[in-house]
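The values are calculated or read from the model by the stated rules, or taken from the named source; none is laboratory data. No experiment lies behind these values; they were computed from the predicted model shown. Note that we place each Cβ from the backbone using ideal geometry, even for glycine, and neighbour counts take in every protein chain shown.
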Amino acid sequence: MWSLIRTLWEVFRHAFRRRATYQYPEEKRPLPARARGRIILSRDPDGGERCVACYLCAVACPVGCISLEATEDEHGRRYPEHFRINFSRCIFCGFCEDACPTCAIQLVPDYEMSEYKRPGMVYEKEHLLIRGEGKYPGYNFYRIAGVDFETRGKGTSENERAPSDVHSLMP
Amino acid sequence: MNETARNLVIVFGVLICLMSLAGMLIWVERRMLSLWQDRLGPNRVGPMGLLQLVADMIKIFSKEDWVPPFADKAVFVIAPAAIMVATLASFAVVPFAPGVAVCNMNIGLLFFLGMSSMAVYGAALAGWSSNNKYALLGSMRAVGQMVSYEVFMGLSLMGVVVQAGSFGLADIVEAQRATWFCVPQFAGLVIFLVAGLAEVRRTPFDLPEAENELVAGYHTEYSGLKFAMFFLGEYVGVTLISCLIVTLFLGGWLGPVLPPIVWFILKTLVVIVLFILVRGSLARPRYDQLMGFGWKVMLPLALANLMVTAAVVIACG
């Protein structure tokens, strides 16, 4: 009996605590930067697109919602001719972000993507590509590895020593 | 003529106030429950969500009025009305202010006890006419619970009757001018509270509805207006038990400064909020625990309370 009275009192005290409700849409719940929301395609610090159309994200996707096709520009650098994500299929798992070798495809904490018509849920490259670098600033894949499109000279990429002169006797 | 007009005004006033209070209780309950559960209740529809009632009523009125083809049609339609009629009729004896009651009977308490027994019909017929196993289980539980808890509901009120010397509710309120009956009859108040909760099938005694267990208990097959009738009937029942607790134990309309009707409404609101707090806090007992509690704990307590009250009244002349 006493435990019942105690229960009533404890529940009554909850009236004086702060409510835990976020009044959407005026207040939004604060999300960490690694929250998996909308998918974007980012650029590298020099302004070119990071995506090299390696198809790894399309292969990694468990529901197969990514569709892209590779092509080369006039310098021979690969880029996706078109890049399509069907957000009505996407489960926001982040496997594509984990699979990408160039940190091109990223998931950002934005979830407000409602549409009235189902074809509006298919995002093309112009909807996915952003101007900035996303969550990985300062990373340019071609400065570390890959084909050299005058992005680095011999020995100027990260973790690489300068080449030694094989004709000289000096160390 | 003046007397007839006055009585008609009282009757229609009580009816209208009751139905609007039952409607407002939907909003009050949802906001109060969410107050105690660390969340916000409905606050979007009108200012502070007050028009939520209007939205709910529009939704319920526009639903299809469907009677299951396997159900007993006449009884199916009558059952919600039976509960509503029994509960509303009990308000005929409640004194809202000195001299303001629909019918000033000198056996008002017996009338209330009789009408609350009629409410069992509604619950039983609803489940039976639905022709559905879960509904039948719910209504069997409802019948067992309501009939068992009515036994000591009446007994707990006999202490009040012995102290007041009359069955009439107006006389009982008058007899509380010295002290309210919640002080000498505290055990009776607690027993009546428990029995009243079980009579209106309110948490923690809402096994017949059993929102987590039996789909929706005896009103599984009901939708639209008939379901609204059950829903509002539950709130009218809560209001009825609150009004009776106020009349019998908390001094009715007695109070120092404010007009009597204001005191009555204030006290009733406090008791209703207590009902909602009980709903938000207490766990539901299992059905055999519920019946065991009623027969083995509450009934002896009610009998003991009555014997002690009678002994004290006789001893003190």
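Residue-wise test of (1) surrounded by fewer than 20 Cβ atoms within 10 Å (Cβ to Cβ); (2) basic (K, R); (3) modelled with pLDDT of 85 or more; (4) touching a helix residue (DSSP H, G or I) at 6+ places or on another chain (Cβ under 9 Å).
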position	(1), (2), (3), (4)
B:L155	no, no, yes, yes
B:F181	no, no, yes, yes
B:R202	no, yes, no, yes
B:H219	no, no, no, yes
Restricting to the range A:8-42, count the residues that are in contact with a Gly (Cβ under 7 Å, 6 or more places away or on another chain) and over 21 Å from A:C57 (Cα atoms).
1
Sort out which residues of the range A:15-38 are more than 30 Å from B:S281 (Cα to Cα) and away from chain B (no Cβ under 14 Å), and write them in order of number.
A:P30, A:L31, A:P32, A:A33, A:R34, A:A35, A:R36, A:G37, A:R38
Matching residues in the range A:120-171 (free of Cβ contacts under 8 Å to residues at least 40 places away in the same chain and of a type in the set (G, A, S)) number 8
Restricting to the range B:28-40, count the residues that are in a loop (DSSP other than H, G, I, E, B) and either hydroxyl-bearing (S, T, Y) or touching a residue at least 12 places away in the same chain (Cβ under 8 Å) (or both).
1
Being in a loop (DSSP other than H, G, I, E, B) and either away from chain B (no Cβ under 14 Å) or more than 30 Å from B:S281 (Cα to Cα) (or both) narrows it down to one residue among A:A53, A:A58; which is it?
A:A53
Scan the range B:172-197 and report the pairs whose first residue is free of Cβ contacts under 8 Å to residues at least 24 places away in the same chain and farther than 18 Å from B:V313 by Cβ and whose second residue is surrounded by fewer than 18 Cβ atoms within 10 Å (Cβ to Cβ) and of a type in the set (D, E), with Cβ atoms within less than 6 Å and a gap of 6+ or a chain change.
none
For the range B:275-297, name all the residues that are touching a residue at least 24 places away in the same chain (Cβ under 8 Å) and farther than 15 Å from B:G144 by Cα.
B:F275, B:I276, B:L277, B:V278, B:R279, B:G280, B:S281, B:L282, B:A283, B:R284
Okay, helices (runs of 4 or more DSSP H) sitting entirely in the range B:106-175 with 3 or more residues that are closer than 20 Å to B:G294 by Cα, I get B:108-130, B:133-164
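Filter the range B:244-298 for residues that are basic (K, R) and in contact with a Ser or Thr (Cβ under 9 Å, 6 or more places away or on another chain); which is farthest from the other protein chains (Cβ to nearest Cβ)? Talk me through it step by step, then tell me what you get.
Narrowing the range B:244-298 to residues basic (K, R): B:267, B:279, B:284, B:286, B:296.
Still in the list and also in contact with a Ser or Thr (Cβ under 9 Å, 6 or more places away or on another chain): B:267, B:279, B:284.
Values: B:K267: 18, B:R279: 10, B:R284: 13 Å.
Out of the qualifying residues, it is B:K267.
One line per residue, one yes/no per condition, for (1) more than 23 Å from B:V278 (Cα to Cα); (2) within 14 Å of another protein chain (Cβ to nearest Cβ); (3) out of contact with any helix residue (DSSP H, G or I) (no Cβ under 7 Å at 6 or more places or on another chain):
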| position | (1), (2), (3) |
| --- | --- |
| B:L8 | yes, no, yes |
| B:V11 | yes, no, yes |
| B:V14 | yes, no, no |
| B:I26 | no, no, no |
| B:L35 | no, yes, no |
| B:R39 | no, yes, yes |
| B:D56 | yes, no, no |
| B:E64 | yes, no, yes |
| B:P69 | yes, no, yes |
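May I ask you to list the residues in the range A:106-141 that are aliphatic (A, V, I, L, M) and either in contact with a Gly (Cβ under 9 Å, 6 or more places away or on another chain) or in a loop (DSSP other than H, G, I, E, B) (or both)?
Of all residues in the range A:106-141, those aliphatic (A, V, I, L, M) come to A:107-108, A:113, A:121-122, A:128-130.
Of everything in the range A:106-141, those that are aliphatic (A, V, I, L, M) and either in contact with a Gly (Cβ under 9 Å, 6 or more places away or on another chain) or in a loop (DSSP other than H, G, I, E, B) (or both) turn out to be A:L107, A:V108, A:M113, A:I130.
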Considering each of A:G64, A:G76 in turn, give the residue that is outside any strand (DSSP E or B), surrounded by 10 or more Cβ atoms within 10 Å (Cβ to Cβ), away from chain B (no Cβ under 14 Å) and touching a residue at least 24 places away in the same chain (Cβ under 8 Å).
A:G64
Of the conditions (1) assigned to a loop (DSSP other than H, G, I, E, B); (2) within 11 Å of chain B (Cβ to nearest Cβ); (3) of a type outside the set (A, V, I, L, M, F, W, C), A:T7 clears all except one; give me its number.
(1)
